[in-house]
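Have a look at the structure below, then the notes.
Nothing in this text is a laboratory measurement; each read-out follows from the coordinates by a stated rule. A quick note: this is a predicted structure, and the numbers were derived from the prediction, not measured. FYI the Cβ positions are ideal-geometry reconstructions off the backbone, even for glycines, and counts take in every protein chain you see.
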């Protein structure tokens, strides 16, 4: 029996892969969606997106734990900087259920969802993409006209298909806790956290919250020390599961396409460098990729030259945003506790943070802040580097 050749195989059923599967199959293309997990959407994630996310993906309204109108930022010295708005600035969502629904909606069209598949080999020739995957010990083979790689950070599959990998990474650690003593996001800087790290408590509902840290080194011991210090502040903290640790790319890949192949999501670094969040950027990138890929499938032109349109459209929207985000992250990583204290005091007194803030688009606020007196409080060599980058971006 002849093996069926589908239009597209997508490896990875996270937000990027599931969204791409939905887009392509709803436009009449045949799709196979592979994932090594047995449960869709269960990657470790805090699940915070901007309020504008709902404009692009209205179905998320069914999966909102709460809307965030305010946040509290604690300086290393313990000073509280409170940010509050009359309208919601972010949505805290049930990521797992939301991504699962996108994948299941894709199945209603012509997407074949195959879970528990571990992709071992990918070969691309002049006409097709050939994939070998293991399922419960047995080898399966698939053939398609094109491939979307959405296999997540650190995937070894990138090099098989000619995509570049992100060069810079950070690490996160997070647990779910039985804690309902706060009703807004709490962010912690310095003190029990080393340079470049920040911590958080994100309330989900009336019973549970996420507690975590993010920084450039393996965070296990740092996380444990952070939790120990928080218990002095919040006596009722109750930890009931093990900490999860994951890597996050914070620099985009220089090449996100090749012959018959596009990469989307964490595997090509489509993540906010400031917070490590990737839901919004991944899904918007999936929309751009699926648009170009659909055109290529329809016209039977899946050449590297044609698919380069995807990278160009992606860079037009996101490149500068991520460059400024990287600058902000490197700047934060250079700061001492005293410098963070002084900057937070200045932000508190000057009203800089009265400016509207988008949780997914940070560049406008970052550039605005750098043009104030914020750099006067910095002694590190990073000050001159920031000034140089700002000058080049404004040219």
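Numerical summary
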| read-out | value |
| --- | --- |
| Protection proxy ranking of 89-102, 129-142 - average other beta-carbon atoms within 10 Å, highest first | 89-102, 129-142 |
| Inter-centroid distance (Cα atoms) of segment 143-198 relative to segment 60-85, Å | 20 |
| Fraction in percent of alpha-carbon pairs per bin - 20 Å, the chain | 27, 55, 18, 0 |
| MRE, 222 nm, helices only [DSSP H, n ≥ 4, -39500 (n - 2.57), over the chain, to nearest 500] | -10500 deg cm²/dmol |
| Å³ per residue enclosed by the Cα convex hull of segment 111-183 | 186 |
| Per-peptide average of other Cβ atoms within 10 Å, ordering 328-341, 222-235, 279-292 highest first | 279-292, 328-341, 222-235 |
| C-alpha long axis of helix 95-107 to longest principal axis of the chain, angle in ° | 20 |
| Normalised convex hull volume, segment 92-142, alpha-carbon set, Å³ per residue | 129 |
| Scattering profile of segment 1-95 at q = 0.14, 0.17, 0.25 Å⁻¹ [log10 I(q)/I(0), Debye over alpha-carbon scatterers] | -0.71, -0.89, -1.27 |
| Helix 304-333 axis, angle to the chain major axis (alpha carbon atoms, nearest 10°) | 20 |
| Base-10 log of normalised Debye intensity for segment 169-248 (one unit scatterer per alpha-carbon) at q = 0.13 Å⁻¹ | -0.35 |
| Equivalent ellipsoid dimensions for segment 211-267 as semi-axes, Å, which come from the Cα gyration tensor, largest first | 37, 12, 8 |
| Label-point gap, in nm, between residue 229 and residue 301 - each point 7 angstrom along Cα→Cβ | 5.7 |
| Calculated log₁₀ intensity ratio I(q)/I(0) where the Debye formula runs over C-alpha points of segment 81-212, q = 0.12 Å⁻¹ | -0.79 |
| Alpha-carbon gyration tensor eigenvalues x 5, square-rooted, for segment 324-394, Å | 17, 17, 11 |
| With 5 Å bins from 0: P(r) over segment 196-315, alpha-carbon pairs, percent | 2, 10, 16, 16, 12, 11, 9, 8, 7, 5, 3, 1, 0 |
| Gap separating the Cα centres of segment 343-394 and segment 270-338, nearest whole Å | 23 |
| Taking N as its residue count, the alpha carbon Rg of segment 243-395 over 2.2 N^0.38 Å | 1.24 |
| Rel. contact order, % - alpha carbon contacts under 8 angstrom, at least six apart, the chain | 18 |
| Ranked packing of 104-116, 369-381, most packed first, by mean Cβ within 10 Å | 104-116, 369-381 |
